[in-house]
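Undergrad: Shown below is the structure under consideration.
The values are calculated or read from the model by the stated rules, or taken from the named source; none is laboratory data. Everything numeric here is computed off the predicted structure, so don't read it as measured data. All Cβ positions, glycine included, derive from the backbone under ideal geometry; neighbour counts span all protein chains shown. Calculation scope for accessible area: heavy atoms of the full protein, side chains included, ligands and nucleic acids excluded. Shrake-Rupley method; radii C 1.70, N 1.55, O 1.52, S 1.80 Å.
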Amino acid sequence: MSLQPFKRGLATLALMGLALPALAQTTVSDAWVRASVPHQQSTGAFMTLTANADSKLVGVASPVAKTVQVHEMTMNGDVMGMKEVKSVELPAGKPISLDPNGYHVMLMGLSQQLKEGEKVPLTLTVEDAKGSRETVQVQAEVRALTAGMGGHDHMHMNH
């Protein structure tokens, strides 16, 4: 019995696999939201994103906020500024951190107080280089009001 047809079949399957488009996939780790106090209107969400293909984060939504935007925190001397960005580049295989000192998600017009230990649903929209979009569902843990604030003090200030 010859193995030649079997080998040819395996080679054909392997080539077919190479011809299929790779699905862009983004993984999310360490997703969390800063707790809020009663009647507070906004808070931040933070996480690390890793895409398996060059992509960009183009949107975030959550049922706990009227408006959800991606912002970038900047320091100009000792003045902190924040501005909305339309997207965040996610180079293939490189973890991109959304944290209090750079890019982050702002949840504005909160519908309720977010208490430590709760989970906040987030829907991320990621677009690959070809324009295909995927949505990623995240359950972000609510952490203490003071979580992630250690780096703000004087780290970026010129004295």
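Undergrad: For E89, indicate whether it is under 14 Å from the mean Cα position of the chain (by Cα), part of a strand (DSSP E or B) and modelled with pLDDT under 95.
TA: No.
Undergrad: Does T43 satisfy the criteria of being β-branched (V, I, T), farther than 19 Å from A147 by Cβ and touching a Ser or Thr at 6+ places or on another chain (Cβ under 9 Å)? Don't jump to the end; show me each part of the working.
TA: Values: β-branched (V, I, T): yes; farther than 19 Å from A147 by Cβ: no; touching a Ser or Thr at 6+ places or on another chain (Cβ under 9 Å): yes.
When the stated conditions are applied, T43 does not pass them.
Undergrad: Scan the range 106-131 residue by residue and report those that are of a type in the set (S, T, N, Q), surrounded by 13 or more Cβ atoms within 10 Å (Cβ to Cβ) and more than 17 Å from the chain's Cα centre (by Cα).
TA: Within the range 106-131, the first condition is being of a type in the set (S, T, N, Q), and the residues that meet it are 111-113, 123, 125.
Restricting the remaining residues to those that are surrounded by 13 or more Cβ atoms within 10 Å (Cβ to Cβ) gives 113, 123, 125.
Of everything in the range 106-131, just one residue is of a type in the set (S, T, N, Q), surrounded by 13 or more Cβ atoms within 10 Å (Cβ to Cβ) and more than 17 Å from the chain's Cα centre (by Cα), namely Q113.
Undergrad: Let me ask something else. Spot the failing condition for M82; the list is (1) assigned to a strand (DSSP E or B); (2) open to solvent by less than 80 Å² (accessible area, probe 1.4 Å); (3) hydrophobic (A, V, I, L, M, F, W, C), and only one is missed.
TA: M82 satisfies every listed condition except (2).
Undergrad: Answer yes or no: is there a residue in the range 103-114 that is assigned to a loop (DSSP other than H, G, I, E, B), at pLDDT 95 or above and within 18 Å of V28 (Cβ to Cβ).
TA: no
Undergrad: Between a residue in the range 24-35 that is under 13 Å from P100 (Cα atoms) and any residue that is open to solvent by 50 Å² or more (accessible area, probe 1.4 Å), which pairs come within a Cβ distance under 6 Å, given they are 6 or more apart or on different chains?
TA: W32/E141; W32/R143
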